[in-house]
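Every read-out reported here was derived from the displayed coordinates using simple, explicitly stated rules and does not represent laboratory data. Because the structure is a prediction, the values reported are computed rather than measured. Cβ placement follows ideal geometry from the backbone for every residue including glycine, while neighbour counts extend to all protein chains displayed.
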Amino acid sequence: MTVFAGGASAFGASRLGPVRVGLLGIGTVGAGTFNVLARNQHEITRRAGRGIEIAAVADLDIARARELVAAHKGDAVNNGDPVRVTDDALSVVRDPSIDVVVELIGGYGIALKLVLEAIAHGKHVVTANKALLAVHGNEIFAAAREKGVMVAFEAAVAGGIPIIKALREGLTANRIDWIAGIINGTTNFILSEMRDKGSSFEAVLKEAQQLGYAEADPTFDIEGIDAAHKVTIMSAIAFGIPVQFERAHVEGISSLQATDIRYAEQLGYRIKLLGITRRREHGIELRVHPTLIPTRRLIANVEGAMNAVWVKGDAVGHTMYYGKGAGAEPTASAVIADLVDVTRTLTVDPGNRVPHLAFQADAMADLPILPISEVESAYYLRLRVADEPGVLADITRILADAQISIDAVLQREPAEGEHQTDIILLTHVTIEKQCDQAIARIEALPTVVSKATRIRLEDLN
Ligand code: HSE
């Protein structure tokens, strides 16, 4: 046995031996978990009541795994036995001496198989894998309940921010009304740069890739899929509903134009990629899309790769959680918090642990996820129009017919010799299908010369 977080003897309260962890995947977060456990072993053991040691590591890149383990040799605090390093992850999840499996592989291929196999072998699981839980969470949690084991996933949402803990435990007295989060650092970095420099999406993405901020294949980030995985998980624990990623409405930022960021700014708004989930009378809204937010809101000022989650509960009111949503040690911070939680409750009757999705499994709600056409939102509309008398009147008449109230209008003065201009309208809250119908009528006007740009707007009040 090797590594970490001390033996029991230093802390008289516990006579139990260390908890033995099998780590699957030793990339950035795996290495960060190793480092933080080694550095803070004393503090962590004082909190957990017993040692937490990494007993086995599995990675296909076995040379890198050996290198990392070797680098920590001097940190061993137990018996000095070697950490088992293998490229056979199945042998780790089936190892009878392992208590907890930490899954840091990602994706829903082999990771699903390993997590289910670990549960079948009675292991507790800690995972940072948002995609896996958003898509296969119901199956995984059911299997874990059956076996009486924990599946902990703090690191899956907003990296180092303890938002799962806050939603599941800290806010447990509340009826949650809504959650709105900046939960993807890559896109927030791109939006901040677009605003600061007035650059196009393509130019900033390229720069972000060169600097290593964005993945070589950034699809999951820029198309909103990563954020949708995370908001799906938050929605489930906020409202006590199953995870339903397939019903989430997902739009990314790849077609967002610098022009709209500029006009929004002139009207007192910033555009952020928000993951939103809201309780409505007949269902739950679950959506990710670029969103105008008033600049005066705290969350509108979250810049660069930082994350923030805003939660509105009926008793507590508004709360906001801010921090790093990615990176080796911020994510390791969340992984180790889960390891400590699992360690503390290993001997607790499974029926008395915090339920996986915050609500008791037999008390889940069957509220449906609402289709996007039923979502309630305000809207930013940018229309390219012929600069002729009566154009604005035609447009506002269509909106009035659809019972859509206008909040603000901005009309750009046409440049010298130009015969077209932009009209920007902000509407009050309406149902999305009403807005769709009005836009179709507006686009049919002969004086409206191109398709409307429509971005949702949330006051977050
Ligand atoms: N790729 C994510 C982000 C971090 O950019 O925030 C991991 O979920």
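Here is how the number arises for the chain: DSSP H runs of 4 or more residues each give -39500 (n - 2.57), the sum is divided by the residue count, and the result at 222 nm is -10000 deg cm²/dmol. When the distances between all Cα atoms of region 172-323 are binned every 5 Å from zero, what whole-number percent does each bin get? Over region 172-323, the share of Cα pairs per 5 Å bin runs 2, 10, 19, 22, 19, 14, 8, 4, 1, 0 percent. Ordering His121, His249, His282, His229 by the number of other Cβ atoms within 10 Å of each residue's own Cβ, fewest first, gives His282, His121, His249, His229. Over region 149-268, Cα pairs under 8 Å with separation of 6+ residues give a relative contact order of 28 percent.
With only Cα atoms counted, region 375-457 has Rg and Dmax values of 12.2, 41 Å.
Calculated over the chain, the projected area of the Cα convex hull averaged across directions stands at 23.3 nm².
Take the Cα of Gln437, step 7 Å toward its Cβ, do the same at Lys197, and the gap between the two points is 4.5 nm.
For a straight C-alpha distance cut-off of 23 angstrom, the lysines reachable from Lys206 (same-chain residues fewer than eight places away being disregarded) are Lys197, Lys272, Lys324.
Coupling constants for region 225-233 follow from the phi torsions by the Karplus curve (6.51 cos²θ - 1.76 cosθ + 1.60, θ = phi - 60°), and in residue order they are 5, 4, 5, 5, 4, 5, 6, 4, 5 Hz; glycine and proline get x. Summary value for the chain: 15 percent relative contact order, contacts being C-alpha pairs under 8 angstrom separated by 6+ residues. 3J(HN,Hα) along region 380-386: 9, 10, 10, 10, 9, 10, 5 Hz, from the Karplus curve 6.51 cos²θ - 1.76 cosθ + 1.60 with θ = phi - 60°, whole Hz, x for Gly and Pro. Taking a straight Cα-Cα cut-off under 20 Å and skipping sequence neighbours fewer than 8 places away in the same chain, the lysines within cross-link reach of Lys123 are Lys113, Lys147. The modelled label-to-label distance between His121 and Asn138, using points 7 Å beyond Cα along the C-beta direction, is 2.9 nm.
Across region 94-146, the convex hull enclosing all Cα atoms gives 65 Å³ per residue.
Computed from Cα atoms, the angle from the helix 185-197 axis to the main principal axis of the chain rounds to 40 degrees. Across region 344-354, computed HN-Hα scalar couplings (Karplus, 6.51 cos²θ - 1.76 cosθ + 1.60, θ = phi - 60°) run 5, 10, 4, 9, 7, 3, x, x, 9, 7, 5 Hz from first to last residue, x flagging Gly and Pro. Database remark: amide H of Val126 closer than 5 angstrom to the amide H of Val101, Val102, Glu103, Ala152 (H placed geometrically; neighbours at sequence offset of 5 or more, or on other chains; Pro and chain starts carry no H). Can you give me the Cα centroid spacing of region 422-461 and region 91-108 in angstrom? Cα centroid of region 422-461 versus Cα centroid of region 91-108: 50 Å apart.
Note on region 303-461: Cα Rg divided by 2.2 N^0.38 Å, N the number of residues, gives 1.60.
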